[in-house]
Amino acid sequence: MTIEVRDVSKQYGEGKVAFWALRNINLELKEGDLISIVGPSGSGKTTLLNIMGCLDTPTNGSVLIDGQSTEKLGDGELSKIRREKIGFVFQDYYLNDSMNALQNVMLPLEFSGHSNRKEEATILLESVGLENKSHNLPSELSGGERQRVVIARAMANKPKYILTDEPTGNLDSVSSGNILDLLRELNSERGVSIVIITHDKDVASVTKKQIKIVDGMIV
Ligand SMILES: Nc1ncnc2c1ncn2[C@@H]1O[C@H](COP(=O)(O)OP(=O)(O)OP(=O)(O)O)[C@@H](O)[C@H]1O
Ligand SMILES: [Mg+2]
């Protein structure tokens, strides 16, 4: 069970404004992996994560999810892979602002036709310690709490992979530690393979494997 990135390059723009954001990247996210990706701003980290998560396609090279090449898949098939296999923890602006915490966590369950959605979402909120905030809107939660809702939602369909982009970005050290503990627990106790993009050295230091990207290349 792996996400395999094979010789991936990504070009943005054409002609004079053409820019290679990624160059010949090879990377494997294997079962039980916990990998951090570090590198300067603009080095290609988010671009790589988007490609690994089938949110974007490479210009050259390929991405295989559990051995299946994603190259020729249509939008429907790609969104099925994302829904069934991958949890995304990007920044909190991906929460629906008009839905409370519980409703946000229930959302992915609706698409996959779970029968006990409310119960399931409540258990997920409990697992991130937010059972008493289930009726709060995102605007009524702290940054760290919002990020925990995002993690609960990412776990909803029991993904094998969780891809995170600066999950502790705007948080103080205590909240940041909580988020990190949650991710580590998912990795060690549930065997979820996790990628964490971070500029925080403390976060990177707890991961089993670290990757550094500079100018679109792994160094
Ligand atoms: N849609 C786009 N069109 C053109 N250039 C883009 C586009 N998206 C990203 N880029 C460029 O590609 C490069 C890599 O961007 P990316 O967002 O992957 O960087 P990053 O490592 O995530 O940076 P940060 O740490 O600031 O989030 C940057 O130079 C950026 O300007
Ligand atoms: Mg980024």
Unique residue being more than 16 Å from ligand 2 (Cβ to nearest atom), more than 15 Å from the chain's Cα centre (by Cα) and in a strand (DSSP E or B) when the list is 87, 61, 76 | 61
Output the residues belonging to segment 40-58 that are within 16 Å of ligand 2 (Cβ to nearest atom), under 17 Å from the mean Cα position of the chain (by Cα) and not charged (D, E, K, R).
-> 44, 46, 47, 48, 49, 50, 51, 52, 53, 55
Pairs returned, first residue in segment 33-46 that is near ligand 1 (Cβ under 8 Å from one of its atoms), second residue that is open to solvent by 30 Å² or more (accessible area, probe 1.4 Å), beta-carbon separation under 6 angstrom, 6 or more apart or interchain, are 39/212; 39/214; 43/214
In segment 163-219, how many residues are assigned to a loop (DSSP other than H, G, I, E, B) and over 20 Å from residue 41 (Cα atoms)?
-> 6
Would you check if residue 115 is surrounded by fewer than 16 Cβ atoms within 10 Å (Cβ to Cβ) and not in a loop (DSSP other than H, G, I, E, B)?
-> no
Any idea which of (1) at pLDDT 95 or above; (2) more than 16 Å from ligand 1 (Cβ to nearest atom); (3) more than 18 Å from residue 162 (Cα to Cα) is the one residue 4 doesn't satisfy?
-> (3)
Residue pairs within 6 Å by beta carbon, gap of at least six or interchain, first lying in segment 166-179 and closer than 20 Å to residue 194 by Cα and open to solvent by less than 70 Å² (accessible area, probe 1.4 Å), second assigned to a helix (DSSP H, G or I) and away from ligand 1 (no atom under 16 Å from the Cβ), listed first then second, are 167/179; 168/176; 168/179; 171/143; 171/144; 175/144; 179/147
Checked against (1) part of a strand (DSSP E or B); (2) open to solvent by 50 Å² or more (accessible area, probe 1.4 Å); (3) within 16 Å of ligand 2 (Cβ to nearest atom); (4) of a type outside the set (D, E, K, R), residue 24 satisfies every condition except (3)
A careful count of residues in segment 85-112 that are among the basic types (Lys, Arg) and surrounded by fewer than 16 Cβ atoms within 10 Å (Cβ to Cβ) gives 0
Could you say which residue among 137, 183 is of a type in the set (A, V, I, L, M), at pLDDT 90 or above and over 13 Å from the mean Cα position of the chain (by Cα)?
-> 137
When every residue in segment 55-73 that is surrounded by 14 or more Cβ atoms within 10 Å (Cβ to Cβ) and more than 16 Å from ligand 1 (Cβ to nearest atom) is compared, the one farthest from residue 6 (Cα to Cα) is 73
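The values are calculated or read from the model by the stated rules, or taken from the named source; none is laboratory data. What you see is a predicted model; the values in this text were computed from it and never measured. In this analysis, Cβ positions are derived from the backbone assuming ideal geometry, glycine residues included, and neighbour counts consider all displayed protein chains. The area values use the complete protein model at the heavy-atom level, side chains included, leaving out ligands, DNA and RNA. Shrake-Rupley method; radii C 1.70, N 1.55, O 1.52, S 1.80 Å.
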